[in-house]
Amino acid sequence: MMLIPCPWCGPRNETEFHYGGQADVSYPADPQAVSDVDWARFLFFRANTKGIFTERWNHQAGCRRWFTVRRDTTTNEIFHDDSHEAVTR
Amino acid sequence: MPRTPGADLPDHPDWLWNSPEPKSSYDVVIVGGGGHGLATAYYLAVNHGITNMAVLESGWLAGGNMARNTTIIRSNYLWDESAGLYEHAMKLWEGLEDELDYPLLFSQRGVLNLAHSLQEVRDSKRRVGANRLNGIDAEWLDADQVAEICPILNTSEDLRYPVLGATWQPRAGIAKHDHVAWGFARALDRMGVDLVQNCQVTGFDRIGDRITGVRTTRGDIAAGKVALAAAGSTSVLADELGLALPIQSHPLQALVSELLEPVHPTVVMSNAVHVYVSQAHKGELVLGAGIDSYNSYGQRGSFHTIERELTAAVELFPMFARAHVLRTWAGVVDVTPDASAIMGLTPFENLYVNCGWGTGGFKATPGVGWCYAHTIAHDEPHQLNAPFNLDRFTTGALVDEHGAAGVAH
């Protein structure tokens, strides 16, 4: 089980969290103007990074807030914003 | 003089396949030496006469998800597209031991898909109807009939989620996953197909949008056609070409108990409490459930996922409380948004993709091989895999088996 560092509650067990997938996926500014291809990209296509992945988690059983972490998808090490030293895993 | 322990052991048995050095060029290169890659090579050779071919495997043959699945085979899917592909696979399974002349321990002991709520009962009956219209054996059984087939299952009414009934597919069952891979590999080796292990594909050679070969840890290999069959690692390969695929790699865990007397006569799956259980020929109970929620390439999952699955298993099978977990492991499965596979052409000429089988790829192995081989040989999909094209995520023609199959795949 991973220990996930909630920015507001500190490191907590993975069972308290809900996974949100890739970070920084924003709703198209003008949805009416988006082509089918781009709409499909927005809906269905996400990075599937092997290595350090920037992703969203929700502290569902805690403060219920969303936050972003960087996690290595091969080791589960979780990093602070720009640090290369893991804070939890 | 005392004998060294083990010195009297017999010689290593004959290898089922050779480990050749890769040649510099092939008509077809298949990337991924798991069940799907091997089956595809087999049907390319047998159905389409292509043998100047290599299957490249980054690790050891069939050591990825082919070695890690729970070996369940069934074809009772709701949608016509899925039913077509999985039932084609089922028919091939039924002749595969003879075809490969190799024991696969294919055992059609049936599968029960349990229903625990009125809505599940309705959905299950609907699926039975759909299966029958597609020529697939399916029955609806009430709780008493379920108990007759699987007496160790707790069908009493005092469960938190009582068993209200189940769908029953008698032709479903299990096979010995390793033997399936070995059977295909032996046949391929005899036909002169190169099975190259410890050969990781690191990139592609291309002229414009035409793929002309692969770069590997064992040198560059020219190829007339390149077919991906790399499951959870497909995105890593596709990224080399800037080819975006709607898949996410997740851990999928499974576990076995110690060897027990035969107690479990069939395969039981429950979507609602989420566990599936069979008993292997050797005697171990084989259990699986759903993916871990997060993306991962780590071939390991989190313990609470196993705990949840065992809670469900013990509730359904009280006698399992006395069994012990012997081993747990995980594979990396590639999951699509509609829980259906992607098999077909790509935006690149001479490059084909088979991925997105998520948690359900083993049962489809021979069907995948048959259809993917057709796709590669004719440069167009077989009618059975045509609906599973990459374009469906743009056109919206999804094969939404997620709602239909539930979580257990």
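Points to keep in mind about this one:
- Alpha carbon convex hull of segment B:91-139, projected area averaged over orientations, nm²: 4.2 nm²
- Value of D in µm² per second that Stokes-Einstein yields for segment B:266-340, Kirkwood Rh from Cα pairs, at 10 °C (1.306 mPa s): 117 µm²/s
- Residue-averaged [θ]222 nm for chain B, counting only DSSP H segments that reach four residues, each worth -39500 (n - 2.57): -8500 deg cm²/dmol
- The Stokes-Einstein estimate for chain A, based on a Kirkwood radius over Cα pairs and taken at 4 °C with 1.567 mPa s viscosity, is a diffusion coefficient of 91 µm²/s.
- Global size of segment B:256-408: 18.3, 56 Å for Rg and Dmax (C-alpha atoms, Rg to one decimal, Dmax whole).
- Considering only the Cα atoms of chain B, their convex hull presents on average a projected area of 21.9 nm².
- 3J(HN,Hα) from dihedral phi, segment B:374-380, Karplus parametrisation 6.51/-1.76/1.60, rounded to Hz, x for glycine, proline: 4, 4, 6, 5, 9, 6, 7
- Unpaired Cys in the protein assembly as shown, meaning no second Cys C-beta under 4.7 Å: A:C63, B:C150, B:C199, B:C355, B:C371.
- Relative exposure of B:W15, B:W93, B:W79, judged by other C-beta atoms within 10 Å (fewest first): B:W15, B:W79, B:W93
- Distance from segment B:260-317 to segment B:90-104 (C-alpha centre basis), Å: 27 Å
- Using only the C-alpha atoms, the convex hull of segment B:172-311 corresponds to 172 Å³ per residue.
- Sequence of B:L252, B:L287 once ranked by neighbouring C-beta atoms within 10 Å, starting from the fewest: B:L287, B:L252
- From least to most packed, judged by other beta carbons within 10 angstrom and beginning with the fewest, B:I211, B:I247 follow the order B:I211, B:I247.
- Against the compact-protein benchmark of 2.2 N^0.38 Å, the Cα-based radius of gyration of segment B:55-105 scales to 1.40.
- Averaging 1/r over each pair of different alpha-carbon atoms in segment B:306-395 and inverting the result gives 15.7 Å, the Kirkwood hydrodynamic radius.
- Hull shadow area, averaged, the protein assembly as shown [alpha-carbon convex hull, nm²]: 28.0 nm²
- Karplus 3J(HN,Hα) series, Hz, for segment B:172-182 with 6.51 cos²θ - 1.76 cosθ + 1.60 (x for Gly, Pro): 5, x, 9, 9, 7, 4, 4, 5, 4, 5, 5
- Taking a Cβ cut-off of under 15 Å around B:I136, the surrounding Lys, Arg, Asp and Glu residues balance to a net charge of +1, with basic ones at +1 and acidic ones at -1.
- Calculated on C-alpha atoms, the gyration radius of segment B:105-198 divided by its Kirkwood radius gives an Rg/Rh of 1.20.
- Whether segment B:26-74 is rounded, prolate or oblate, judged on the alpha carbon gyration tensor where a/c under 1.5 counts as rounded: oblate
- Two-decimal log10 I(q)/I(0) for segment B:1-117, as the Debye equation yields it once each C-alpha is a single scatterer, q = 0.12, 0.22 Å⁻¹: -0.66, -1.46
We did not get these values from a lab; they are worked out from the coordinates using the rules stated. Note that this is a predicted model, so its numbers are computed, not measured. Backbone-built Cβ (ideal geometry, glycine too); neighbour counts: all protein chains shown.
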